[in-house]
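Quick notes on the structure that follows.
Derivation of every value follows stated rules applied to the coordinates shown; laboratory data play no part. Keep in mind the model is a prediction, meaning the values are calculated, not measured. Glycine gets a Cβ as well: all are built from the backbone with ideal geometry, and neighbour counts include every protein chain shown.
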Amino acid sequence: MIAHLFPGQGAQFPGMGADVYKHSFSAKSKFEKANDILGFRLSEIMFKGSVEELKQTRVTQPAIFIHSVALAMFLADSMKPEMMAGHSLGEFSALVASKSLTLDAGLRLVKLRAEAMQRACENTNGTMAAVLKLDDATVEQVCKDVDGIVVPANYNSPGQLVISGERAAVETAAELLKEAGGRAVVLKVAGAFHSKLMNKAYNELSTAIDAVEFAEPFCPIYQNGTAQATQNPEELKKNLKEHMVSPVYWTKTIANMIQDGADEFVEIGPGKVLQGLVKKIAPEVGITSLDSVPKEED
C-alpha cells in the first residue's frame with residue numbers, strides 16, 4: 001500500500017519548484033494561480049530568491065504548499081495513494097491533493113495561515129529548540145517543570161522532539177535537557193509554532209476554516225493532532241483548526257499508517273526531511289522523495 005507524505009516548513013530551498021514549473025504546463029498554471037491569489041510573484045522568489053527571502057513565513061508556507069500540490073496533482077493519474085499525511089503545513093497539501101479542499105480554498109487558507117503566523121511571531125518573543133537523544137517522557141517532564149510557556153511541538157521520530165514556547169522558557173528547558181543527557185539546539189525560527197503563542201493566529205484561521213466547505217477525500221488522511229485516519233469532512237475541519245496550537249504527532253502517525261497497511265511511502269514536495277524521519281521511525285519500509293516531474297513531460 002502506497003502512502004503519500006507532504007513536507008512542512010523547513011523543507012524550502014532556493015530554486016525550489018523551478019523544474020516542476022518548467023516541465024509541466026499543468027503545474028505552471030497552478031504556480032501562476034498562487035501568484036495571483038497571494039498578490040506577489042511567489043514563483044520568482046522560489047526560483048531566484050535568497051535563503052533569507054524564503055525563510056519569511058508568508059513566503060515559506062505557500063511556496064512549500066504549491067510545490068507539493070502542483071506535483072501531487074500532476075502525478076495523480078499515475079501514482080494514486082491509498083492514504084496520506086502531511087507534516088504541519090503539509091496537512092493542507094494532503095487535503096488539496098486528496099480533493100477534500102479545492103486548490104483555491106487551500107491557497108487562500110495557507111495564505112491566511114502564513115500571514116497570521118507571521119504576525120503572531122512578530123508580536124511574541126517565541127522560539128523552538130530541537131531535542132535529541134532523550135525519550136519523550138523526559139522532555140515532557142522538563143517542559144512541565146520550567147516556568148513560562150514551553151511545550152513539546154513536534155514528535156518527529158524516536159529520540160527527536162522539537163519544543164516550542166517563550167524564548168526564555170525554551171532556552172531554560174534546553175539547558176536542563178542537556179543536563180539530562182540530551183542534545184538541545186535552539187533553532188533559528190521566526191516564532192513558537194504549535195504552542196499557545198499562536199493563539200491569535202489560531203483564532204483567525206479557525207474562522208476562515210469554518211467558512212470553507214470540505215469534501216470527503218478519496219483516501220484516508222492521518223492528521224497531525226490525532227495521528228488517526230479520517231475521511232469525515234467535519235472531523236478533518238475540526239482537527240485542522242486545532243493543529244495550529246497542538247503538537248504534531250508524526251512518529252505515531254507513521255506507525256499508525258504502517259499498522260494500517262502502508263509499506264511504501266513517497267514524500268512529495270521540496271527536500272527530503274520526511275524521508276529521513278521515516279527511516280528513523282521504521283527503517284523496514286520503503287521511502288522515496290520526489291520533488292520534480294519526469295523530464296519527458298513537455
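The rows are residues; the columns are (1) in contact with a Lys or Arg (Cβ under 7 Å, 6 or more places away or on another chain); (2) surrounded by fewer than 18 Cβ atoms within 10 Å (Cβ to Cβ); (3) under 26 Å from residue 227 (Cα atoms).
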position: 148; (1), (2), (3): no, yes, no
position: 156; (1), (2), (3): no, no, yes
position: 163; (1), (2), (3): no, no, yes
position: 168; (1), (2), (3): no, yes, no
position: 175; (1), (2), (3): no, yes, no
position: 178; (1), (2), (3): no, yes, no
position: 182; (1), (2), (3): yes, no, yes
Query raised in the report: Here are some conditions: (1) in contact with a Phe, Trp or Tyr (Cβ under 8 Å, 6 or more places away or on another chain); (2) among the basic types (Lys, Arg); (3) surrounded by fewer than 19 Cβ atoms within 10 Å (Cβ to Cβ). Residue 113 meets all but one. Which one does it not meet?
Result: (3)
Query - Members of the range 238-256 found to be in a loop (DSSP other than H, G, I, E, B) and among the polar types (S, T, N, Q), listed by number - result: 246
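Scanning the range 184-219 for residues that are of a type in the set (Phe, Trp, Tyr) and part of a loop (DSSP other than H, G, I, E, B), which turns out surrounded by the most Cβ atoms within 10 Å (Cβ to Cβ)?
Keep residues of the range 184-219 that are of a type in the set (Phe, Trp, Tyr), which gives 193, 202, 214, 218.
When the remaining residues are screened for being part of a loop (DSSP other than H, G, I, E, B), the result is 193, 214, 218.
On the way: 193: 27, 214: 19, 218: 15.
Within the range 184-219, the match that is surrounded by the most Cβ atoms within 10 Å (Cβ to Cβ) is 193.
Within the group 172, 226, which residue is part of a helix (DSSP H, G or I) and among the β-branched types (Val, Ile, Thr)? Steps first, please.
Numbers: 226 fails: part of a helix (DSSP H, G or I).
Testing whether each residue is part of a helix (DSSP H, G or I) and among the β-branched types (Val, Ile, Thr) leaves just 172.
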Query raised in the report: Before we move on, is residue 62 under 20 Å from the mean Cα position of the chain (by Cα) and surrounded by fewer than 24 Cβ atoms within 10 Å (Cβ to Cβ)?
Result: no
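Determine whether the range 228-244 contains at least one residue that is closer than 19 Å to residue 158 by Cβ and crowded, with 16+ Cβ neighbours inside 10 Å.
Taking the range 228-244 first, the residues closer than 19 Å to residue 158 by Cβ are none.
Within the range 228-244, none of the residues are closer than 19 Å to residue 158 by Cβ and crowded, with 16+ Cβ neighbours inside 10 Å.
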Query raised in the report: Could you say whether any residue in the range 181-200 is among the polar types (S, T, N, Q) and touching a strand residue (DSSP E or B) at 6+ places or on another chain (Cβ under 8 Å)?
Result: yes
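So that you can scan it fast, the table gives a plain yes or no per residue for (1) closer than 23 Å to residue 189 by Cβ; (2) of a type in the set (Ser, Thr, Tyr); (3) in contact with a helix residue (DSSP H, G or I) (Cβ under 7 Å, 6 or more places away or on another chain):
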residue: 12; (1), (2), (3): yes, no, yes
residue: 16; (1), (2), (3): yes, no, yes
residue: 21; (1), (2), (3): no, yes, yes
residue: 24; (1), (2), (3): no, yes, yes
residue: 47; (1), (2), (3): no, no, yes
residue: 53; (1), (2), (3): yes, no, yes
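Could you tell me whether residue 151 is touching a Leu at 6+ places or on another chain (Cβ under 9 Å) and either closer than 25 Å to residue 265 by Cα or not small (Gly, Ala, Ser) (or both)? Spell out the reasoning first.
Values: touching a Leu at 6+ places or on another chain (Cβ under 9 Å): no; either closer than 25 Å to residue 265 by Cα or not small (Gly, Ala, Ser) (or both): yes.
The answer is no for residue 151.
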